[in-house]
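See structure below.
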């Protein structure tokens with residue numbers, strides 16, 4: 001009771017003086033996964049790096065939302081809606097209920113201050129069928145334990161249409177909003193944006209200090225009398241009431257009443273991937289103890305080839321290196337190796353320094369790790385031994401720490417030409433077995449179609465820059481017996497035979513290829529490959545990449561001649577196929593390739609990629625991919641492809657998707673370079689289809705980026 005009285009007194013004083021307590025109501029998801037109340041949005045954002053997944057049900061709609069927050073000012077994601085009282089259609093999916101997909105986006109325009117509210121603008125269903133399309137402008141202001149929001153909605157957000165648009169003061173056309181479903185879905189129906197009559201909406205959210213409950217009350221702008229699919233709903237009240245229980249730091253439950261007559265229930269999983277720290281290395285070898293000050297290394301005479309051979313297993317165990325050559329040139333000890341354990345080269349370098357400082361004679365001043373990947377020479381990591389020891393034994397400046405271990409352009413010196421060198425025997429075979437998972441969301445055959453598999457991967461090195469690799473897969477658990485629908489297509493079926501490729505055989509070989517790479521010149525890399533390049537296509541190809549060291553810019557060109565594989569993904573090629581009862585010719589060959597520009601902008605970890613060329617269905621166009629990489633390695637991005645396929649692309653209008661890449665060592669108790677990639681593509685169509693190459697040169701040469709070399713100091 002005393003706490004309540006103090007809160008009321010604090011709020012009253014704040015209202016009179018204009019100084020409101022700093023307590024903030026938590027930003028939680030609305031029915032569409034975006035931050036807001038129930039049906040209405042707010043101007044609130046989550047912190048950059050947030051990922052949320054929510055499911056809620058308000059009859060007749062069940063929504064699944066996946067929302068990313070790549071920047072503090074940008075929130076967006078995909079939404080899937082199941083409309084339980086409408087059918088996809090007997091000719092498509094029998095008795096399956098209707099499924100809809102959409103993309104939502106919200107931009108923060110102003111941050112909240114003591115005197116002004118936060119301001120945001122958003123577009124709902126920006127890239128879907130347009131069934132739930134709407135736009136809004138909203139402002140939010142915190143008053144102690146209350147968070148107030150108010151705004152104007154167009155389209156679905158303001159379907160009640162209470163009054164003329166304020167934009168009609170500029171143009172009378174602002175009051176006219178084109179109606180109807182977007183013909184193919186997925187296009188940007190810009191002639192609708194912020195047009196038509198508007199309705200106001202408002203919400204208030206209350207959360208007592210330290211309480212896990214948030215009470216939400218809102219006034220929405222929809223009257224449910226113009227619902228899509230002629231699916232109008234009764235509305236007894238425009239006021240909606242709900243409560244959110246923050247059961248766990250990552251889990252929210254919501255219960256409420258909407259339209260005055262319909263219950264809403266939902267849950268939201270959320271986490272901030274950008275704040276996830278690398279796990280303690282419990283299963284890595286304990287670091288070598290630092291050689292105490294005043295003690296001499298184990299070897300006081302000059303290094304011999306036998307010494308290098310003795311140090312090799314310790315270096316590989318400690319630093320995760322696969323060593324190709326070791327040599328001594330003057331006062332520099334050079335190690336040519338692949339770093340197969342640590343994502344940050346500086347972490348591997350520090351392990352190297354500890355091992356060698358303990359063993360190499362003091363005449364050796366420099367330790368250099370020449371970083372390689374499949375024989376490509378990428379960068380030199382130079383360790384200034386005396387300065388490195390100083391950073392380990394006494395407080396030093398950041399500049400000294402940076403100078404002690406630095407990354408430079410490779411010197412491209414041959415180890416064999418050194419007076420002392422050692423070339424170990426490298427095991428040519430590597431392999432492993434793991435679990436695989438894939439899913440299809442929001443299709444006419446079911447909300448979620450999934451497949452679990454056991455995957456065996458193997459690689460055999462003929463030389464450092466030439467190897468065979470392959471993957472064999474056995475699917476042991478799925479619900480693909482419900483996967484019946486093959487979508488229509490006016491283009492060559494290069495991706496819409498997905499059902500056939502996924503369901504024909506339990507045992508598949510998605511990839512089996514020969515690959516060779518080489519340094520063509522300083523900063524210029526080349527690759528050729530041949531075999532079963534992906535699950536649907538086999539053939540031959542090549543790529544060249546110009547990537548100046550540390551410049552942030554790279555230019556690439558790839559060219560591929562491929563043929564469509566058999567649906568069983570074994571050794572054969574496709575000849576004829578059954579396409580909805582019609583026999584079609586799938587003996588298909590195509591020359592495909594792209595010119596690529598990669599630009600690491602230096603701003604907020606943003607990488608922009610542009611690809612222009614010919615796609616698998618022989619359509620010609622451009623792909624734009626923009627992503628943000630956070631300091632811990634998490635990456636959030638989105639891509640879109642527009643080609644000359646035009647209306648032949650079909651539903652979806654153009655290819656698009658969002659993705660998240662998460663390094664495994666954020667969750668595993670050991671260092672690893674492996675990364676989990678999660679991609680959401682709302683619709684699989686044949687236009688804008690890229691060949692899924694396993695070894696893009698840009699990925700193989702990522703260690704040429706100094707910005708990715710240093711391990712974040714916060715870990």
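The values are calculated or read from the model by the stated rules, or taken from the named source; none is laboratory data. Everything quoted here is computed from the prediction, not taken from an experiment. A quick note on method: Cβ atoms are made from the backbone with ideal geometry, for glycine too, and the neighbour counts reach across all protein chains shown.
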Would you confirm, using the coordinates I've provided, whether residue 595 is under 23 Å from residue 491 (Cβ atoms), buried (at least 17 other Cβ atoms within 10 Å of the Cβ) and either touching a residue at least 40 places away in the same chain (Cβ under 8 Å) or touching a strand residue (DSSP E or B) at 6+ places or on another chain (Cβ under 8 Å) (or both)? no
Please verify whether the stretch 201-208 includes one or more residues that are touching a helix residue (DSSP H, G or I) at 6+ places or on another chain (Cβ under 8 Å), in contact (Cβ under 8 Å) with a residue 60 or more places away in the chain and assigned to a loop (DSSP other than H, G, I, E, B). yes
May I ask you to say which residue of 379, 353, 403 is closer than 21 Å to residue 663 by Cβ and in contact with a strand residue (DSSP E or B) (Cβ under 9 Å, 6 or more places away or on another chain)? 379
Considering only residues of the stretch 639-652 that are in a loop (DSSP other than H, G, I, E, B) and modelled with pLDDT of 85 or more, which is surrounded by the fewest Cβ atoms within 10 Å (Cβ to Cβ)? 644
Filter result (surrounded by fewer than 16 Cβ atoms within 10 Å (Cβ to Cβ) and either at pLDDT 80 or above or on the phi > 0 side of the Ramachandran plot (or both)) within the stretch 179-191: 180
Go through (1) part of a loop (DSSP other than H, G, I, E, B); (2) under 21 Å from residue 298 (Cβ atoms) and name the single condition residue 392 misses. (1)
So residue 554 fits all but one of (1) assigned to a loop (DSSP other than H, G, I, E, B); (2) in contact with a helix residue (DSSP H, G or I) (Cβ under 9 Å, 6 or more places away or on another chain); what number is the exception? (1)
Are any residues in the stretch 653-684 in a loop (DSSP other than H, G, I, E, B), touching a residue at least 40 places away in the same chain (Cβ under 8 Å) and out of contact with any helix residue (DSSP H, G or I) (no Cβ under 6 Å at 6 or more places or on another chain), and if so, which ones? 653, 654, 667, 668, 669, 670, 673, 682, 683
Of the conditions (1) in contact with a strand residue (DSSP E or B) (Cβ under 6 Å, 6 or more places away or on another chain); (2) surrounded by fewer than 16 Cβ atoms within 10 Å (Cβ to Cβ), residue 362 satisfies every one except a single condition; which number is it? (1)
For the stretch 266-284 the number of residues that are in contact with a strand residue (DSSP E or B) (Cβ under 6 Å, 6 or more places away or on another chain) and either more than 30 Å from residue 59 (Cβ to Cβ) or not in a strand (DSSP E or B) (or both) is 2
Within the stretch 328-358, tally of residues that are in a helix (DSSP H, G or I), free of Cβ contacts under 8 Å to residues at least 60 places away in the same chain and closer than 20 Å to residue 674 by Cα: 2
Condition check: in a loop (DSSP other than H, G, I, E, B) and either buried (at least 20 other Cβ atoms within 10 Å of the Cβ) or at pLDDT below 90 (or both). Does residue 138 satisfy that? no
With respect to residue 310, is the statement that it is under 19 Å from residue 406 (Cα atoms), in contact with a helix residue (DSSP H, G or I) (Cβ under 9 Å, 6 or more places away or on another chain) and outside any strand (DSSP E or B) true? no
Considering only the stretch 659-679, state which residues are over 30 Å from residue 318 (Cβ atoms) and at pLDDT 90 or above. 659, 660
Going through (1) under 29 Å from the mean Cα position of the chain (by Cα); (2) assigned to a strand (DSSP E or B) one by one, residue 569 fails only at (2)
Can you name every residue in the stretch 518-535 that is in a strand (DSSP E or B) and under 16 Å from residue 560 (Cβ atoms)? 526, 527, 528, 529, 530, 531, 532
Conditions (1) in contact (Cβ under 8 Å) with a residue 40 or more places away in the chain; (2) surrounded by fewer than 16 Cβ atoms within 10 Å (Cβ to Cβ): number failed by residue 510: (2)
Residue within the stretch 221-240 that is at pLDDT below 95, part of a loop (DSSP other than H, G, I, E, B), within 33 Å of the chain's Cα centre (by Cα) and surrounded by fewer than 17 Cβ atoms within 10 Å (Cβ to Cβ) present: no
